[in-house]
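Engineer: Right, I'll just put the structure down here and ask away after.
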Amino acid sequence: MSSQHEPAGYRQGRWKEPPLLERGGGPSRAATLPEEDLEGLVPVTLRRTHLRWPDVAENVVVRHFTRLSNRNFGVDSGMYPLGSCTMKYNPKICDETVWLPGIAAQHPAQDESTLQGTIGALYEMQTWLAEIAGMHEVTLQPAAGAHGEFTGLLLIDAYHQDHRQTQRDQVIVPDTAHGTNPATAGMLNFEVLEIPSKEGQVDLERLKGAVSDRTAALMLTNPNTLGIFERDVAEIAAIVHEAGGLLYYDGANFNAILGKCRPGDMGFDVVHFNLHKTLAVPHGGGGPGSGPVGASEALAPYLPIPMAAYDGTRYYWDTDRPKSVGKVRSWQGSTAAVLRSWSYLKCLGAQGATALTEVAVLNANYLRAALEGTYDLPFPGLRKHEFVLSAQKLKEERNVRALDIGKRLLDYGFYAPTVYFPLLVHEAIMIEPTESEPKEELDRFIAAMKSIATEDPTLVRNAPYHTSVSRVDEVNAARHPRLSFRMEHPPSP
């Protein structure tokens, strides 16, 4: 539809509606408030001086909120190729599991005798995750990936303190690691040593030069943020262990190895999972998350309490761990999130979990091979579950940036991939299709990316055109967010 033929009130492909609170004035009402004086129920300090309810019919209310919901983008709407974050579709049966009255109505302070089913499922999940990661034991307490990192480094620090290695105050982090790794180490007052990569992988010579008697741990993401599996991981483990340090495995990319290999077999001492990435927990909107942590036999005594346990007759909360670092979260963690992933594994089984990894890797390499000629691939070769392209050539030749490409993809009905991360790739575009996308959707994404690369640069630089709003001042929005609705014309008293 051309702009000169757009009807009044039509903007960027959508009807522009006023907020519900600015509507009304008609005779219809969806509900009628009681006539009684309600002032006594509301403290004076909490009463609004100006209050207006919109007088609108029920169907107007329903249509208003239905249209608002259609403006949101999520995995139920379309492909969400947000690299590093694994924003995949999750089966609804996993949600239904935690909606069951026997689970949803529970309280964590109930007596253990009334929680046998739930504690049993959590114990089973601890056991499964330990087997999957090649760890001795697993705690389910951490609330998310970064919280898992924090917990894992607490275990490492407790181990060194217990063995009178108090001088170990450095954590080594490759430049291909997730950005939370150095931040987490810094929160625990470790000195962070970043080492550069070589051809997209850990530079062994630089690692050898970095380890010392001050090395507490190496934090490694494998496969790393480029989607590359560290081929020298066994030698990396040997270098760190020979220096007396420990190895921390960032499991944010675990969906690239699930059922194929195990961090424990690679030589890692601690690993965290992102259940909201690898398994089945809704990830959008900042949560809920879950970041269980697995520990080797040497570090297991320091795991947080309580832990789900079984004595052969009953399930119970184990708090008898004298060397434990204590609680890292209220109650027993994100139980609903863990149970969603528990039901997901129940549905998949071992073969299904392995197939998940195989399809995720296949999808990523299908996209990589199709787009490699249109965009630059900084490091050649196969990838695991994700890959990073560079728009540097487009920026130099057509003045089109990675950010512009991401914005333009919104007009094609795709959520934008991660851009400008990892930092070692200029104009980075980080893409992860996940295992849940069919070939038809991948082909549509390929066509969109190729089309954008040839479109008029001015068109791309000013995108998007078919969203509720166009470009926003993202820096100003982050620094000065408006988190509540404000009427353009406040009503008179």
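The values are calculated or read from the model by the stated rules, or taken from the named source; none is laboratory data. Every value quoted in this text rests on a predicted model; they were computed, and no experiment measured them. Heads up, the Cβs are rebuilt from the backbone with ideal geometry, glycines too, and the neighbour counts pull from every protein chain shown.
Engineer: Yes or no: Trp331 of a type in the set (A, V, I, L, M, F, W, C), in contact with a Pro (Cβ under 9 Å, 6 or more places away or on another chain), in a strand (DSSP E or B) and in the same structural domain as Tyr248 (by TED's automatic domain parsing)?
Structural biologist: Details: of a type in the set (A, V, I, L, M, F, W, C): yes; in contact with a Pro (Cβ under 9 Å, 6 or more places away or on another chain): yes; in a strand (DSSP E or B): no; in the same structural domain as Tyr248 (by TED's automatic domain parsing): yes.
When the stated conditions are applied, Trp331 does not pass them.
Engineer: Looking at (1) out of contact with any Cys (no Cβ under 7 Å at 6 or more places or on another chain); (2) assigned to a helix (DSSP H, G or I); (3) under 23 Å from Ala109 (Cβ atoms), which is the only condition Glu358 fails?
Structural biologist: The one condition Glu358 does not meet is (3).
Engineer: I'd like to know if the stretch 467-484 contains one or more residues that are crowded, with 17+ Cβ neighbours inside 10 Å, among the hydrophobic types (A, V, I, L, M, F, W, C), free of Cβ contacts under 8 Å to residues at least 60 places away in the same chain and assigned to a loop (DSSP other than H, G, I, E, B).
Structural biologist: No, the stretch 467-484 contains no residue that is crowded, with 17+ Cβ neighbours inside 10 Å, among the hydrophobic types (A, V, I, L, M, F, W, C), free of Cβ contacts under 8 Å to residues at least 60 places away in the same chain and assigned to a loop (DSSP other than H, G, I, E, B).
Engineer: Shifting gears a bit: Given the options Gly264, Gly294, Gly244, Gly289, name the one that is under 23 Å from Lys327 (Cα atoms) and surrounded by fewer than 24 Cβ atoms within 10 Å (Cβ to Cβ). Quick ask: steps written out before the conclusion?
Structural biologist: On the way: Gly264 fails: under 23 Å from Lys327 (Cα atoms); Gly294 fails: surrounded by fewer than 24 Cβ atoms within 10 Å (Cβ to Cβ); Gly244 fails: under 23 Å from Lys327 (Cα atoms).
Criteria check complete, one pass: Gly289.
Engineer: Follow-up. Quick check: anything in the stretch 57-74 over 22 Å from the mean Cα position of the chain (by Cα), under 16 Å from Gly333 (Cβ atoms) and assigned to a helix (DSSP H, G or I)?
Structural biologist: Quick first cut of the stretch 57-74, residues over 22 Å from the mean Cα position of the chain (by Cα) only: 57-68, 70.
Among the residues that remain, those that are also under 16 Å from Gly333 (Cβ atoms) are: none.
No: the stretch 57-74 contains no residue that is over 22 Å from the mean Cα position of the chain (by Cα), under 16 Å from Gly333 (Cβ atoms) and assigned to a helix (DSSP H, G or I).
Engineer: Within the stretch 269-313, which residues are in a helix (DSSP H, G or I), modelled with pLDDT of 95 or more and not hydroxyl-bearing (Ser, Thr, Tyr)? Spell out the reasoning first.
Structural biologist: Taking the stretch 269-313 first, the residues in a helix (DSSP H, G or I) are 275-278, 284-286, 300-302.
Among the residues that remain, those that are also modelled with pLDDT of 95 or more are: 300-302.
Those that are in a helix (DSSP H, G or I), modelled with pLDDT of 95 or more and not hydroxyl-bearing (Ser, Thr, Tyr): Ala300, Pro301.
Engineer: For the list (1) out of contact with any strand residue (DSSP E or B) (no Cβ under 9 Å at 6 or more places or on another chain); (2) surrounded by 22 or more Cβ atoms within 10 Å (Cβ to Cβ), I need the number of the one condition that Leu100 fails.
Structural biologist: It fails just one condition, (2).
Engineer: Among the candidates Leu348, Leu403, Leu339, single out the residue that is assigned to a helix (DSSP H, G or I), crowded, with 17+ Cβ neighbours inside 10 Å and in contact (Cβ under 8 Å) with a residue 24 or more places away in the chain.
Structural biologist: The conditions single out Leu339.
Engineer: Could you list all residues from the stretch 375-397 that are more than 26 Å from Glu435 (Cβ to Cβ), of a type in the set (Lys, Arg) and either buried (at least 18 other Cβ atoms within 10 Å of the Cβ) or within 24 Å of the chain's Cα centre (by Cα) (or both)?
Structural biologist: Matches in the stretch 375-397: none.
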